[in-house]
């Protein structure tokens, strides 16, 4: 019963904040609502017995990505110019609605193979085993490390001034 | 009614649709990046829901979700850096005005 109420509350929070991000006029407010969306997704992870992922979601999305977006908005001065939509709004609306309808139809009409096993109580140790253990995902973990290094270097190179000096004021 | 796999998948589909509409129609480059983050979160919800109901002990869906989070963080960093450098070059973050490669 509690899970049902929590799911509906979090789902409504998710959808309302996502709609506000897409339709809102003020981009700064949209970024704050995006942080709220990330937070409610973390709550959904807790309902789904994914405690480690909920913590990761709060740390990385709420703590890093939302702050990064806010900083980028502050550094580019068009704070209130986020509401404008381009001329494709009607075709995009039709296409998105059709896609959602097709996805929901296929979700509801597929006979999913629900496993009878109970989910794990704590997932952190099992996830560590899965990522770093024998026959696990150790090669993708290494590749992800290289990707993060490359993207950090790329971001630094992109925001640096052409003549090698840092922008002042 | 018991909350099951289909509830989470439907929520994920709706969030994905909202994010897709925003990514297709927004003019502000940072708003487009925010909508892409919404889409990635929708995909993550469905991954974790599959992990909870289809393979609860195997956790492969959660491992995929972790890699999606890693790639999303890298994408946010590089994407916002590109927006910053476009803003510095053209004093605007509207994607319609970034048409230097247009013939």
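For this structure, a couple of remarks:
- Residue among A:60, A:46 that is more than 9 Å from chain B (Cβ to nearest Cβ), under 20 Å from residue B:44 (Cα atoms) and surrounded by 14 or more Cβ atoms within 10 Å (Cβ to Cβ): A:46
- Number of positions in the stretch A:98-136 that are surrounded by 11 or more Cβ atoms within 10 Å (Cβ to Cβ) and either more than 7 Å from every other protein chain (Cβ to nearest Cβ) or under 17 Å from residue B:65 (Cβ atoms) (or both): 19
- Some residue of the stretch B:8-25 being in contact with a strand residue (DSSP E or B) (Cβ under 8 Å, 6 or more places away or on another chain) and not in a loop (DSSP other than H, G, I, E, B): yes
- For the stretch A:67-77, the set of residues classified as surrounded by fewer than 18 Cβ atoms within 10 Å (Cβ to Cβ) and either facing chain B (nearest Cβ under 10 Å) or part of a loop (DSSP other than H, G, I, E, B) (or both) consists of A:70, A:71, A:75, A:77, listed by residue number.
- Any hit, the stretch B:34-52, residues being in a helix (DSSP H, G or I), more than 7 Å from chain A (Cβ to nearest Cβ) and more than 29 Å from residue A:112 (Cβ to Cβ): no
Any read-out appearing in this document is the output of simple, stated calculations on the displayed coordinates, not a laboratory observation. What you are looking at is a predicted structure, and each value in this text was computed from that prediction instead of being measured. For neighbour counting, all protein chains shown are included, and Cβ atoms are generated from backbone atoms with ideal geometry for every residue, glycine included.
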